[in-house]
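J.: Right, I'll just put the structure down here and ask away after.
The values are calculated or read from the model by the stated rules, or taken from the named source; none is laboratory data. Quick caveat, the model's predicted, so the values are computed rather than measured. Please note: Cβ atoms are built from the backbone with ideal geometry, for glycine as well, and neighbour counts cover all protein chains shown.
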């Protein structure tokens, strides 16, 4: 991470956050102290969602705490995008890095669905959460888990390269199998979608104890609970928004 870059880029980041995306944050006042793992939905592609989550946490959390988002190695290896993400605070998604962030008393942001973008018709539908790595890390650290629904991120990147977009836009289901149109560098340009981040009620893990991380059933239950809460927050957020761009 390059703290000086955060300072130099502050005018651009403020413009994206306040003017371009007009980010609205809900539920931040209830964010807990101590170790926190924020579990958010991801949109894939350029990790704008990781950047916005980091900015929102620094701006809105009690005490303006720092949050370091875990980003998949495949994303951090991309030219320009990966280097910029690292310098702005993203961390490669490994268990060791996750534990290090929590030891440093920063909040940890995770996107359990991985880096692949959703097919366009399935945006804001939570995919598989893997083997519950975030649950194990939270249990071992005694960290609270906070689901965070990010609405607006799916529309922030041009959708033409997303599978299913043409079928949805033209209302022709026969085109569902047609791949998206590669946009090259243009696919990384952010569109001015309106964003809402909703932090849900914290889920305490301390009572379960660190030994629960070795219990597959306990991990599965905790993972399923977080996934259900996140999907409910997403459903409410999508239903409440008045417009994607206005």
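J.: From the list 51, 102, 55, pick out the single residue that is modelled with pLDDT of 95 or more and touching a strand residue (DSSP E or B) at 6+ places or on another chain (Cβ under 7 Å).
T.: 102
J.: Return a yes/no flag: does segment 79-90 have any residue that is surrounded by 14 or more Cβ atoms within 10 Å (Cβ to Cβ) and under 16 Å from residue 112 (Cα atoms). I'd like the intermediate steps shown before the answer.
T.: Pass one, segment 79-90, residues surrounded by 14 or more Cβ atoms within 10 Å (Cβ to Cβ): 81-82, 84-90.
Imposing the further condition that a residue be under 16 Å from residue 112 (Cα atoms) reduces the set to 90.
Yes.
J.: Do we have any residue at all in segment 43-54 that's free of Cβ contacts under 8 Å to residues at least 40 places away in the same chain, under 24 Å from residue 193 (Cβ atoms) and over 16 Å from the mean Cα position of the chain (by Cα)? It would help to see each step written out before you state the result.
T.: Applying the first criterion (free of Cβ contacts under 8 Å to residues at least 40 places away in the same chain) to segment 43-54 yields 51.
If we keep only those that are under 24 Å from residue 193 (Cβ atoms) as well, we get 51.
Checking the rest, the ones that are also over 16 Å from the mean Cα position of the chain (by Cα) come to none.
No: segment 43-54 contains no residue that is free of Cβ contacts under 8 Å to residues at least 40 places away in the same chain, under 24 Å from residue 193 (Cβ atoms) and over 16 Å from the mean Cα position of the chain (by Cα).
J.: Evaluate the following for residue 85: is it assigned by TED's automatic domain parsing to the domain that holds residue 30, more than 15 Å from the chain's Cα centre (by Cα) and not in a loop (DSSP other than H, G, I, E, B)? Break it down stepwise before answering.
T.: Values: assigned by TED's automatic domain parsing to the domain that holds residue 30: yes; more than 15 Å from the chain's Cα centre (by Cα): no; not in a loop (DSSP other than H, G, I, E, B): yes.
Against the criterion (assigned by TED's automatic domain parsing to the domain that holds residue 30, more than 15 Å from the chain's Cα centre (by Cα) and not in a loop (DSSP other than H, G, I, E, B)), residue 85 does not qualify.
J.: Show the residue pairs that are 6+ apart or on different chains and have beta-carbon atoms under 8 Å apart, the first residue being within segment 216-227 and touching a residue at least 12 places away in the same chain (Cβ under 8 Å) and on the phi > 0 side of the Ramachandran plot, the second being surrounded by fewer than 20 Cβ atoms within 10 Å (Cβ to Cβ) and outside any helix (DSSP H, G or I).
T.: Filtered contacts from segment 216-227: no entries.
J.: Does segment 93-115 hold any residues that are in a loop (DSSP other than H, G, I, E, B) and either under 11 Å from the mean Cα position of the chain (by Cα) or surrounded by 14 or more Cβ atoms within 10 Å (Cβ to Cβ) (or both), and which are they?
T.: Those that are in a loop (DSSP other than H, G, I, E, B) and either under 11 Å from the mean Cα position of the chain (by Cα) or surrounded by 14 or more Cβ atoms within 10 Å (Cβ to Cβ) (or both): 93, 106, 111, 112, 113, 114, 115.
J.: Moving to a separate point now. Please determine whether any residue of segment 176-196 is within 30 Å of residue 34 (Cα to Cα) and either at pLDDT 90 or above or in a loop (DSSP other than H, G, I, E, B) (or both).
T.: yes
J.: Sort out which residues of segment 210-246 are surrounded by 13 or more Cβ atoms within 10 Å (Cβ to Cβ) and assigned to a loop (DSSP other than H, G, I, E, B), and write them in order of number.
T.: 215, 241, 244
J.: Continuing with the same structure: Is it the case that segment 19-34 has a residue that's under 19 Å from residue 91 (Cβ atoms) and touching a strand residue (DSSP E or B) at 6+ places or on another chain (Cβ under 8 Å)?
T.: Looking through segment 19-34, none of the residues is under 19 Å from residue 91 (Cβ atoms) and touching a strand residue (DSSP E or B) at 6+ places or on another chain (Cβ under 8 Å).
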